[in-house]
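Trainee: Got a structure for you, written out below as structure tokens; questions coming shortly.
The values are calculated or read from the model by the stated rules, or taken from the named source; none is laboratory data. None of these values were measured; they are calculated from a predicted model. Note: ideal-geometry Cβ built from the backbone for every residue, glycine included; neighbour counts use all protein chains shown. All accessible areas refer to the heavy atoms of the entire protein, side chains included, with ligands and DNA or RNA removed. Shrake-Rupley method; radii C 1.70, N 1.55, O 1.52, S 1.80 Å.
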Amino acid sequence: MTEETPGFEEKPDVPSGATPEDAEPQAAPSSEKEAAAPAGDANAQNAGLVAQLDQVRTALGERTADLQRLQAEYQNYRRRVERDRITVKEIAIANLLTELLPVLDDIGRARDHSELVGGFKSVAESLETIAAKMGLQQFGKEGEPFDPTIHEALMHSYAPDVTETTCVAILQPGYRFGERTIRPARVAVAEPQPGAQTVKAEEASEQSGDDKESGGPDEG
């Protein structure tokens, strides 16, 4: 049985010609590798996060553009529906007012013949008031120039006292609803008398010549 000498520690074998420091474990290179590995992993992880963030931003931009496009389409749809609703309402009112025109014509004729009296007068005036509130407007007056877009000529004549085609009688008044002409005014028109303008021009020329020969008007 071998007895160990107290205080004596075994030392690793050291090759001949080597210093004691050579016997220490070589731990430094592995420590550097261990430190470099986490740094590389962190860089790769950051690059992956940046790529994912770019993808999220791209997707967000696409979804935002889709939402804006849908919102614009919805606004256009609402405007189109509102416009169609107003158009349908106007057509319905115009059709109703068109059906009332013969009644309004009868009322007008009764008024011209002084037959609009009593209860009939009250009912007729109420009907005219309601039609006016719905937007019905009457047009057509004697003496106004003839306009083929709103007048319908039923009678034609010549007159020496007009300088253009003129409505000389309103046979049936015209009616419009907003910008829509429900019925043109049916009128009798008169045109200038053939040759009347030539005669007037000659008379004006002769009058001007007489004034020149007489030296013009007397001066004070």
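Trainee: Going 7 Å from the Cα of ASP147 in the Cα-to-Cβ direction, what parts of the range 168-182 have a backbone nitrogen less than 14 Å from that spot?
Mentor: 174-182
Trainee: Could you sort VAL103, VAL187, VAL88 by accessible area so the largest value comes first, with the probe set to 1.4 Å?
Mentor: Correct descending sequence by accessible area is VAL88, VAL103, VAL187.
Trainee: Could you work out how much longer the chain between GLN52 and GLU125 gets when fully extended? Use 0.36 nm per residue separation minus the Cα distance between them, nm to one decimal.
Mentor: Gain in length upon complete extension: 18.5 nm.
Trainee: Evaluate the charge dipole of the range 73-205 about its Cα centre and quote only its size in Debye, nearest 20, assuming +1 on the Cβ of each Lys and Arg and -1 on the Cβ of each Asp and Glu.
Mentor: 840 debye
Trainee: Once the other residues with Cβ under 14 Å from the Cβ of ASN76 are scored (Lys, Arg +1; Asp, Glu -1), what is the net sum?
Mentor: It works out to a net charge of +2.
Trainee: From largest accessible area down, sort ARG63, ARG176, ARG109; use a 1.4 Å probe on the protein chains.
Mentor: Descending accessible area places them as ARG63, ARG109, ARG176.
Trainee: Each label point is 7 Å from the Cα along the Cα-to-Cβ direction; what then is the distance between the points at GLU99 and TYR158, in nm?
Mentor: Simple spin-label model gives 4.8 nm for this pair.
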